[in-house]
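The values are calculated or read from the model by the stated rules, or taken from the named source; none is laboratory data. Computed from a prediction, not measured in an experiment: that's the story for all the values here. All Cβ positions, glycine included, derive from the backbone under ideal geometry; neighbour counts span all protein chains shown.
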């Protein structure tokens, strides 16, 4: 890996889009990423895509040309080079796989759930379940479209994984509905007057316990 440039995963994702041996514009890559990579990793902005394409071209991993079709304005299309194909192949195999970083908006709001009414929290979770259903329905359409081209066999694998992920998220969200009621009951029992049963500094005790358990 030492002879490969230090590029962010975004760069390699854009180069990977070009790895299907097709000339693509920045617009093409953005739209393709939205309905494929966006289901499991990254949904780019147009500015991200175009800045990465310029970087890849400068490195010799892609070439571009101005293409004019029936429209008045031409568009710039990009194609992977042999060096780019070899680089992204090596990056995919040789680079360390970064651990997933979970930034779950629903969980952040549940964490501070003592500040809100439990019925409002449960409605938020129900709205999230509806989002998961909508994403799964979109995946059925996207995976069906991908099935039309044998070259997209591996993208279909990732789409199938995403369907299972959304289904698992839905199941976990369903479990939250009952857990919100249980958590609310715990607070009510510990403080019938509705005030928060705070134990100042308790998080420091937890921190000390964790350090002792992990030896850090």
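State all residues of segment 66-97 that are assigned to a loop (DSSP other than H, G, I, E, B) and within 23 Å of residue 53 (Cβ to Cβ); if no residue qualifies, say none. Passing the criteria: 68, 69, 71, 72, 73, 74, 81, 95. Applying the criterion of being outside any loop (DSSP other than H, G, I, E, B) and in contact with a helix residue (DSSP H, G or I) (Cβ under 6 Å, 6 or more places away or on another chain) to the residues of segment 38-47, the residue that is surrounded by the fewest Cβ atoms within 10 Å (Cβ to Cβ) is 46.
Residue-wise test of (1) out of contact with any helix residue (DSSP H, G or I) (no Cβ under 7 Å at 6 or more places or on another chain); (2) surrounded by 15 or more Cβ atoms within 10 Å (Cβ to Cβ); (3) modelled with pLDDT of 90 or more.
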{"residue": "74", "(1), (2), (3)": "yes, no, no"}
{"residue": "91", "(1), (2), (3)": "no, yes, yes"}
{"residue": "125", "(1), (2), (3)": "no, yes, yes"}
{"residue": "134", "(1), (2), (3)": "yes, no, yes"}
{"residue": "141", "(1), (2), (3)": "yes, no, no"}
{"residue": "147", "(1), (2), (3)": "no, no, no"}
{"residue": "157", "(1), (2), (3)": "yes, no, yes"}
{"residue": "171", "(1), (2), (3)": "yes, no, yes"}
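Suppose the filter is touching a residue at least 40 places away in the same chain (Cβ under 8 Å), over 16 Å from the mean Cα position of the chain (by Cα) and within 30 Å of residue 16 (Cα to Cα); does residue 151 pass it?
It is true that residue 151 is touching a residue at least 40 places away in the same chain (Cβ under 8 Å), over 16 Å from the mean Cα position of the chain (by Cα) and within 30 Å of residue 16 (Cα to Cα).
For segment 1-34, residues that are at pLDDT below 90, closer than 14 Å to residue 88 by Cβ and part of a helix (DSSP H, G or I) total 0. For residue 126, state whether it is in the same structural domain as residue 184 (by TED's automatic domain parsing), over 19 Å from the mean Cα position of the chain (by Cα) and in a helix (DSSP H, G or I). The answer is yes for residue 126. Of all the residues in segment 25-36, those that are closer than 14 Å to residue 135 by Cβ and touching a helix residue (DSSP H, G or I) at 6+ places or on another chain (Cβ under 7 Å) number 2. Figure legend. Inter-residue proximity from segment 86-112: first residues without any contact (Cβ under 8 Å) to a residue 40 or more places away in the chain, second residues in a helix (DSSP H, G or I) and surrounded by 10 or more Cβ atoms within 10 Å (Cβ to Cβ), beta-carbon distance below 8 Å, spacing 6+ or different chains. Indicated pairs: 109/121; 109/124.
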